[in-house]
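Below is one structure, written out as structure tokens; comments come after it.
The values are calculated or read from the model by the stated rules, or taken from the named source; none is laboratory data. As the structure is a prediction and not an experimental result, all values here were calculated from the model. Glycine also receives a Cβ, built like all others from the backbone with ideal geometry; neighbour counts cover every protein chain displayed.
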Amino acid sequence: MAEEKAKKLMTEFPPVTTQEWEEVIAKDLKGADRTKKLVWRTLEGFNAEPYYRAEDMEALRHIGTVPGAFPYVRGVKADNNWRVRQTVEVGDDAAAANREAHDVLMKGVDSLGFVIKNKEFSAADMDTLLKGITITAVELAFSGCGVYRAAELFLDKVAAEKLDPEQVFAVFGIDPLSKLSKKGSWGCAAPDGAKQFEKIKALLQKAPQYKRVRLITVNGTLFHNCGASAVQELAFALAMGHDYVVRLTDMGLDVDQVAPAIKFNFSVGTNYFLEIAKLRAARLLWANIMAPYNPKRGCSSRLRAHVQTSAWNQTVYDPYVNMLRGTTEAMSAAIAGVDSMEVLPFDHAYEKPTEFSNRIARNVQLLLKEESHFDQVTDPAAGSYYIEELTASIAAEAWKLFKSVEELGGYAAAFEAGFIQEQIEATANKRDHNIATRREILLGTNQYPNFNEKASSEITEETVTRGMKKCNCGCKNADKEPEFRPLKPYRGAMAFEEMRLKTDRSGKEPKAFMLTCGNLSMARARSQFACNFFACAGIEVMDNTYFKTVAEGIEAAKASGAKIVVVCSSDDDYATVAPEVYEAFKGTDVIVVVAGAPACQPELEAAGISHFISVRSNVLETLEGYQKELGI
């Protein structure tokens with residue numbers, strides 16, 4: 001009965017062909033270029049159409065698979081449950097770290113991340129750190145400068161306690177290729193990192209029965225946090241993972257020993273649907289990279305992924321917005337399907353996270369699980385024409401880039417040749433320009449800033465300044481010049497934050513006065529634009545509803561003591577209004593600015609007016625210029 005009703009209902013909606021859709025679109029565009037108006041050219045290098053139809057799915061080879069089946073685009077397992085991770089620092093006091101771990105385990109965490117900062121980490125420290133923690137009930141993730149030692153001690157501990165190998169879940173951040181990328185050298189290891197790879201081989205041979213212990217971590221987050229695109233993050237992470245497989249199998253290990261021991265770390269940014277597609281494409285590509293090795297174990301082809309919300313997107317001004325960023329990013333990861341996830345606390349960029357910020361970060365994931373039930377639906381994005389096309393497009397572009405790396409001899413060889421750095425730096429420069437010109441928005445930083453916010457004491461110049469941070473790993477070669485150009489992690493907001501911090505710490509209180517006159521609607525619109533513009537540099541904005549006459553506005557502007565006066569009116573009014581305001585302040589240290597790019601700009605420039613702001617302005621460069629004129 002229900003089927004018959006559905007059939008009758010659908011007969012009321014006759015099918016519409018693609019040609020008919022395009023004819024309507026062409027009519028609505030009235031001759032405008034369809035590609036420029038409707039097609040999105042992504043940073044990843046491919047076009048996204050304004051709509052997709054069932055016929056577009058016919059060429060996609062991955063359509064029709066199920067979760068847990070090759071090529072795993074829909075997930076490496078049948079369910080969508082993931083582990084909630086929180087990181088705990090482990091210094092000289094392992095007992096303090098143990099207390100913190102017990103505390104967070106009571107608050108919903110089932111994946112503990114331990115950053116070992118003590119290079120002398122001992123068996124006694126390991127016992128203290130894990131005291132009272134049921135190892136088989138949680139996932140344990142170790143990283144930091146003592147990670148090799150931690151791996152040896154952990155394997156000894158679980159063997160001594162005769163734990164069921166099938167119930168031991170652990171991850172170790174052993175990643176010499178990532179260290180090479182960050183430091184620009186192999187450090188204390190022998191040439192080409194041979195010493196480090198021998199250590200990895202020994203660890204893999206130490207306890208082959210622990211099939212759920214991942215000793216190698218591929219750190220794709222490094223590329224993301226250097227400004228890479230989603231395609232670059234994916235391609236270079238896969239190339240890094242493949243380099244581990246090649247090197248260790250060449251050393252005599254079997255692919256079924258190496259591949260299952262790898263876990264991939266990815267970042268997930270705020271480009272919601274693209275990030276869903278990226279993680280789905282990652283599984284698809286890794287399965288196909290492993291296929292020629294003819295692994296006997298299915299898990300050798302299954303990409304295991306830990307996801308961390310983006311550090312690159314985080315801001316130190318208006319930091320509570322980071323909560324919102326982390327929420328949408330976590331949603332993307334949950335929908336795409338991951339094995340574990342960590343939401344970075346909103347204050348991660350400028351201070352040691354507080355109890356409050358850690359709690360909010362944890363609860364983002366718990367909310368997605370307990371109230372939104374994202375863990376109860378496997379691959380909910382499947383069948384979406386848009387996401388399936390994005391998945392295929394990202395996979396295709398990442399595959400091209402992956403092959404380029406392989407042609408250079410693999411990840412390490414491509415890095416040493418400078419290829420990895422050139423690719424990422426080119427994208428990072430493009431993104432920096434997009435942020436400076438507001439083509440890419442960072443809310444609260446380059447658009448809609450908090451007008452009344454001043455930098456707190458936690459925000460230092462080092463926090464907002466790009467540049468390599470000094471290595472503090474204790475390595476005897478830490479101060480040596482790198483052999484190769486290292487990758488440089490940073491945050492997208494840094495340039496704006498550095499500029500704003502200069503204003504906040506200058507001891508001056510510069511003001512920008514909005515002189516609104518002429519056409520009311522245009523005056524108000526341009527006043528709002530200008531207020532947001534100048535507030536990005538920490539300049540106090542003095543908005544005004546409307547002045548009936550230009551003279552009234554000039555008098556109020558002089559009384560305000562503002563060093564910047566912004567003329568806000570219509571293009572038609574500027575020809576007469578702007579020169580009058582300019583003449584009133586000529587010979588003073590007041591900067592007169594016209595909000596907009598009026599047709600009469602050449603005439604205004606001839607009259608002596610040289611400052612204009614508009615949607616075409618490079619906001620960063622323009623504001624830095626005003627700072628210089630103000631003596632900041």
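Summary of computed values
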{"read-out": "Hits in region 574-622 (condition: farther than 21 Å from residue 433 by Cα, of a type in the set (S, T, N, Q) and crowded, with 17+ Cβ neighbours inside 10 Å)", "value": "601"}
{"read-out": "Unique residue being surrounded by 15 or more Cβ atoms within 10 Å (Cβ to Cβ), assigned to a helix (DSSP H, G or I) and small (Gly, Ala, Ser) when the list is 26, 97", "value": "97"}
{"read-out": "Filter result for residue 48 (of a type outside the set (D, E, K, R) and surrounded by fewer than 17 Cβ atoms within 10 Å (Cβ to Cβ))", "value": "no"}
{"read-out": "Test: residue in region 299-308 that is assigned to a helix (DSSP H, G or I) and either of a type in the set (Val, Ile, Thr) or within 18 Å of residue 358 (Cα to Cα) (or both)", "value": "no"}
{"read-out": "Qualifying residue in region 206-214 (condition: β-branched (Val, Ile, Thr), at pLDDT 95 or above and in contact with an Asp or Glu (Cβ under 9 Å, 6 or more places away or on another chain))", "value": "no"}
{"read-out": "Given (1) farther than 19 Å from residue 83 by Cβ; (2) crowded, with 21+ Cβ neighbours inside 10 Å; (3) modelled with pLDDT of 95 or more, index of the condition residue 267 fails", "value": "(1)"}
{"read-out": "1 or more residues in contact (Cβ under 8 Å) with a residue 12 or more places away in the chain and among the polar types (S, T, N, Q): qualifying helices (runs of 4 or more DSSP H) within region 388-467", "value": "419-436, 461-464"}
{"read-out": "Region 519-577, residues that are under 37 Å from the mean Cα position of the chain (by Cα) and among the hydroxyl-bearing types (Ser, Thr, Tyr)", "value": "527"}
